[in-house]
Amino acid sequence: MKPDLQDSGRLDELDLALIHTLQISPRAPWAAVGKALAVDPVTAARRWQRLTDSGVAWVTTYPLLTPEASPAIVEFECEPGRAEAVAEELAADPQALIVEVTSGTRDVLATVCAPTATLPGYLLRRVGRIAGVRRVAHYPITAVHAEGSTWRVGALDKDTETELGSGETTTSLVPPQTPRLDDIDWALCDRLAADGRLAVTEIARSLGIGEATARRHLNRLTKSGVLKLRCEVARAASPWPAFVWYLARTRAEDLAKVVRSLAARRERLSVTQIVGPANLLLGFALRPADLVGFESRLTARLPALEIVDRRVVQRQVRLFGRTLDARGFAGSAASIDIRRTPPAPS
């Protein structure tokens with residue numbers, strides 16, 4: 001593998017297999033990763049270091065997932081030439097977890113999350129006052145039927161996936177029972193948002209706490225499902241570099257069957273139920289050649305699904321704990337402590 005990964009834009013089979021392995025088990029020990037890939041653990045660790053140093057791949061996390069958090073999809077219509085500036089300003093907010101510049105009838109699409117009590121104020125007094133924004137529309141998220149942590153680059157065979165413990169294709173993001181959270185939990189989450197494979201010793205040192213305390217908090221959060229990690233890959237280096245959001249709707253009586261079928265698709269990245277003119281937001285990672293004809297093939301297989309609108313992602317600006325550069329490679333860390341007050345509008 002060459003050092004100039006961003007310049008070459010190419011990942012070899014071992015790179016992709018390594019990413020796939022960490023998509024299944026983001027904090028797997030290098031010994032387990034090496035065994036799964038039939039390589040020396042040192043080789044696997046060195047490969048991963050190259051990928052992260054180049055911003056090609058990284059492990060991040062969601063904010064701590066509790067019933068008190070309210071997520072929503074927010075779309076922005078911007079003044080001409082202002083979409084990137086709006087997206088970059090929005091990406092500084094801990095509440096703006098995914099921020100993308102898109103084509104279509106809206107210029108910026110964001111997934112936001114805030115404590116239920118503060119979400120209305122955030123939407124009314126923060127996002128709507130960003131310079132260059134003409135119009136804002138938001139759609140509450142009512143259910144997540146499949147999400148990005150279960151998407152795979154497709155480099156491992158089914159037997160290897162099964163050995164690694166990957167049988168899940170859908171997930172419930174918010175666990176039924178949530179432990180009591182404190183400032184250490186949120187600070188730990190922020191550290192893992194920047195580097196999801198950060199060693200417990202480093203977490204403890206950065207937080208100024210004992211290693212045993214850090215390990216206890218980490219184990220409690222992961223076992224309860226409140227802390228959820230995911231391995232990301234820069235779209236420019238992925239075999240699936242194109243990304244499309246579809247706003248769609250289906251009748252209530254067809255919903256369960258439709259979302260099961262969508263969640264099982266290879267290209268599916270997320271299936272989210274929303275409140276609005278459309279009741280589903282669907283995200284698909286595609287090859288460029290698939291952009292032509294994919295929508296018609298999708299609706300032909302699912303006649304109960306009606307596509308209302310679509311957004312092709314032109315640039316990803318933020319993805320959870322990382323801001324991204326103009327090519328979509330990981331840049332600086334971004335806080336996902338949704339309790340924090342966002343910056344004042346420019």
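Summary of computed values
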quantity: The range 23-68: number of residues that are crowded, with 20+ Cβ neighbours inside 10 Å, out of contact with any Phe, Trp or Tyr (no Cβ under 8 Å at 6 or more places or on another chain) and either over 25 Å from Glu147 (Cβ atoms) or of a type in the set (S, T, N, Q) (or both); calculated: 2
quantity: Flag for Trp240 being at pLDDT below 95 and surrounded by 15 or more Cβ atoms within 10 Å (Cβ to Cβ); calculated: yes
quantity: Selection from the range 228-251 of residues that are assigned to a helix (DSSP H, G or I) and among the charged types (D, E, K, R); calculated: Arg235
quantity: Some residue of the range 109-125 being of a type in the set (Lys, Arg) and in contact (Cβ under 8 Å) with a residue 60 or more places away in the chain; calculated: no
quantity: Among the candidates Ala92, Ala96, residue that is crowded, with 17+ Cβ neighbours inside 10 Å and either touching a strand residue (DSSP E or B) at 6+ places or on another chain (Cβ under 9 Å) or in the same structural domain as Ala17 (by TED's automatic domain parsing) (or both); calculated: Ala96
quantity: Unique residue being within 30 Å of Leu16 (Cβ to Cβ), surrounded by 21 or more Cβ atoms within 10 Å (Cβ to Cβ) and at pLDDT 95 or above when the list is Val312, Val233; calculated: Val233
quantity: The range 250-259, subset free of Cβ contacts under 8 Å to residues at least 60 places away in the same chain and either surrounded by fewer than 18 Cβ atoms within 10 Å (Cβ to Cβ) or of a type in the set (A, V, I, L, M, F, W, C) (or both), residue farthest from Leu51 (Cα to Cα); calculated: Glu253
quantity: Any chance Val271 is in contact with a His (Cβ under 6 Å, 6 or more places away or on another chain), closer than 12 Å to Leu247 by Cα and at pLDDT 95 or above; calculated: yes
quantity: Breaking point among (1) within 24 Å of the chain's Cα centre (by Cα); (2) modelled with pLDDT under 95, for Val136; calculated: (2)
quantity: Residues (part of a helix (DSSP H, G or I) and touching a helix residue (DSSP H, G or I) at 6+ places or on another chain (Cβ under 9 Å)) located in the range 155-170; calculated: Thr160, Glu161, Glu163
quantity: Top-ranked residue in the range 121-133 [being under 23 Å from the mean Cα position of the chain (by Cα) and not aliphatic (A, V, I, L, M); ranked as surrounded by the fewest Cβ atoms within 10 Å (Cβ to Cβ)]; calculated: Arg126
quantity: Extreme residue, farthest from Arg327 (Cα to Cα), among residues of the range 76-87 that are of a type in the set (Asp, Glu) and not in a loop (DSSP other than H, G, I, E, B); calculated: Glu77
quantity: Answer from Leu262, Leu282 - the residue that is surrounded by 22 or more Cβ atoms within 10 Å (Cβ to Cβ), farther than 28 Å from Leu119 by Cα, in contact with a strand residue (DSSP E or B) (Cβ under 9 Å, 6 or more places away or on another chain) and modelled with pLDDT of 95 or more; calculated: Leu262
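Matching residues to (1) over 28 Å from Lys223 (Cβ atoms); (2) part of a helix (DSSP H, G or I); (3) modelled with pLDDT under 95:
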residue	(1), (2), (3)
Arg10	yes, no, yes
Asp15	yes, yes, no
Ile19	no, yes, no
Gly34	no, yes, no
Val42	yes, yes, no
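The values are calculated or read from the model by the stated rules, or taken from the named source; none is laboratory data. Source: prediction; values computed, not measured. Please note: Cβ atoms are built from the backbone with ideal geometry, for glycine as well, and neighbour counts cover all protein chains shown.
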